[in-house]
Amino acid sequence: MYMKTLFVTDLDGTFVKDSISVNNKDLDGYLKLSKLGDFAIATGRSLKEIDYVVENNGIKINYAIALNGAVVRKEDNEIFSKNIDKNDSKNILTYIKENNLIFDCLDGESRIGNFIHEKKERLWNLEIVYSENPFELLFNKTIYKINIRPEEQVLDFYLDDMKKLFPNVSIYQTGSTRIEITAKNISKASAINLIKNNYEKVVVFGDSGNDIEMFNCADVSYCMSSAPEYVKLEAAYVVDSFFDAVNHYIELDKKNKS
């Protein structure tokens, strides 16, 4: 039986270059891929935010991989969900509080924390709950992902320190001032591994530290040229845009079939 190709793209910095909207060229790239296989979105954002992008751009997706793989939906059916263990989340929140770190948490419905989102146009129809002291609200809540936002000069310290202190969660650097935490062994790659057996080939597109494992589990991987060097090194190809990646893949596929 012929099996399709699965195309999986990150959102911010990749398919949604400015974290606001998908540009016309990249939408054209999506339309080209939609004729060649199935399409999935894999992001650190929530299902609600994926739906926002899909609905506002007339996109059809077969899979939504949200919160760095903590929630996976096939069409309209949620097929996987794993939150951070409540004891782990409480210990991490205590660490955040003791170190006066800026953060927010995602429970699937809202962003809750002491981080002030100044660029409101980058918030895609998701409730924002801001508090200078949100900890009591969060200690007993089901949390799928924690975003910590230390200053750039101390990020490496907190990244290493938390990896030592909290071995039962997955911790990624996703920017010069951003660390993301999910449940143990949860990543975009773990979500792709749940579904990849249904496909002959998996092609992925990304630009961040939380995309590295996704690059490594794919058959073909593309990284945006705007990404950090350590991320670009993990991809098979580096391109300037999603549209450029699509055109490169189409030519590559033609050569492989000729």
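The values are calculated or read from the model by the stated rules, or taken from the named source; none is laboratory data. In this text the structure is predicted, and so the values were computed from the model without any measurement. With ideal geometry, Cβ positions are generated from the backbone for all residues, glycine too; neighbour counts draw on all protein chains shown. Ligands, DNA and RNA are excluded from the accessible area calculation, which covers all protein heavy atoms including side chains. Shrake-Rupley method; radii C 1.70, N 1.55, O 1.52, S 1.80 Å.
When residues in segment 134-155 are screened for being part of a loop (DSSP other than H, G, I, E, B) and either at pLDDT 95 or above or surrounded by 12 or more Cβ atoms within 10 Å (Cβ to Cβ) (or both), 9 of them pass. Scanning segment 9-44 for residues that are open to solvent by 20 Å² or more (accessible area, probe 1.4 Å) and assigned to a helix (DSSP H, G or I), we see that the one that is farthest from E251 (Cα to Cα) is N24.
Out of contact with any Pro (no Cβ under 8 Å at 6 or more places or on another chain), part of a strand (DSSP E or B), small (G, A, S) and under 30 Å from S34 (Cβ atoms): is that true of S190 in this structure? Spell out how you get there, then give the answer.
On the way: out of contact with any Pro (no Cβ under 8 Å at 6 or more places or on another chain): yes; part of a strand (DSSP E or B): no; small (G, A, S): yes; under 30 Å from S34 (Cβ atoms): yes.
Here the answer is no, as S190 does not meet what is asked.
Residue check: is G13 small (G, A, S) and farther than 29 Å from T142 by Cα? Spelling it out, it is not the case that G13 is small (G, A, S) and farther than 29 Å from T142 by Cα. Does I181 count as open to solvent by less than 20 Å² (accessible area, probe 1.4 Å), under 16 Å from K86 (Cα atoms) and assigned to a loop (DSSP other than H, G, I, E, B)? No: the conditions fail for I181. Scanning segment 45-62 for residues that are touching a strand residue (DSSP E or B) at 6+ places or on another chain (Cβ under 8 Å), of a type outside the set (A, V, I, L, M) and open to solvent by 10 Å² or more (accessible area, probe 1.4 Å) turns up R45, D51, K60, N62.
Of all residues in segment 190-227, those satisfying the criterion of being open to solvent by 40 Å² or more (accessible area, probe 1.4 Å) and either touching a residue at least 60 places away in the same chain (Cβ under 8 Å) or under 16 Å from the mean Cα position of the chain (by Cα) (or both) are N193, L194, K196, N198, E200, K201, E213, N216, S226. Here L126, L93, L138 are screened, and the one residue that is under 14 Å from I179 (Cα atoms) and of a type outside the set (D, E) is L93. Does any residue of segment 251-258 turn out to be over 19 Å from S89 (Cβ atoms), part of a strand (DSSP E or B), out of contact with any strand residue (DSSP E or B) (no Cβ under 8 Å at 6 or more places or on another chain) and at pLDDT below 95? No, because not a single residue in segment 251-258 is over 19 Å from S89 (Cβ atoms), part of a strand (DSSP E or B), out of contact with any strand residue (DSSP E or B) (no Cβ under 8 Å at 6 or more places or on another chain) and at pLDDT below 95.
Only residues that are in contact (Cβ under 8 Å) with a residue 60 or more places away in the chain, touching a strand residue (DSSP E or B) at 6+ places or on another chain (Cβ under 9 Å) and assigned to a helix (DSSP H, G or I): list them for segment 228-243, please.
So in segment 228-243, the residues in contact (Cβ under 8 Å) with a residue 60 or more places away in the chain come out as 241-243.
Those left that are additionally touching a strand residue (DSSP E or B) at 6+ places or on another chain (Cβ under 9 Å): 241-242.
Residue satisfying the conditions is F242 alone.
Which pairs do you get when a residue that is in contact (Cβ under 8 Å) with a residue 24 or more places away in the chain, found in segment 142-160, comes within reach of a residue that is surrounded by fewer than 19 Cβ atoms within 10 Å (Cβ to Cβ) and among the acidic types (D, E), reach meaning Cβ atoms under 8 angstrom, with the pair 6+ apart or on two chains? Cβ pairs passing all conditions: T142/D107; I143/D107; Y144/D107.
I need the full set of residues from segment 115-133 which are part of a loop (DSSP other than H, G, I, E, B) and β-branched (V, I, T), in order please.
Of the residues in segment 115-133, the ones part of a loop (DSSP other than H, G, I, E, B) are 115-119, 123-126, 131-133.
Listed by number, the list holds a single entry, I116.
Among the residues making up segment 120-144, those that are out of contact with any helix residue (DSSP H, G or I) (no Cβ under 8 Å at 6 or more places or on another chain) and of a type in the set (A, V, I, L, M) are L123, I128, L137. I112 falls short of the stated requirement of being assigned to a loop (DSSP other than H, G, I, E, B), over 20 Å from G13 (Cβ atoms) and either open to solvent by 30 Å² or more (accessible area, probe 1.4 Å) or among the hydrophobic types (A, V, I, L, M, F, W, C) (or both). Restricting segment 91-109 to residues that are within 16 Å of the chain's Cα centre (by Cα) and not in a loop (DSSP other than H, G, I, E, B), the residue that is nearest to L155 (Cα to Cα) is D104.
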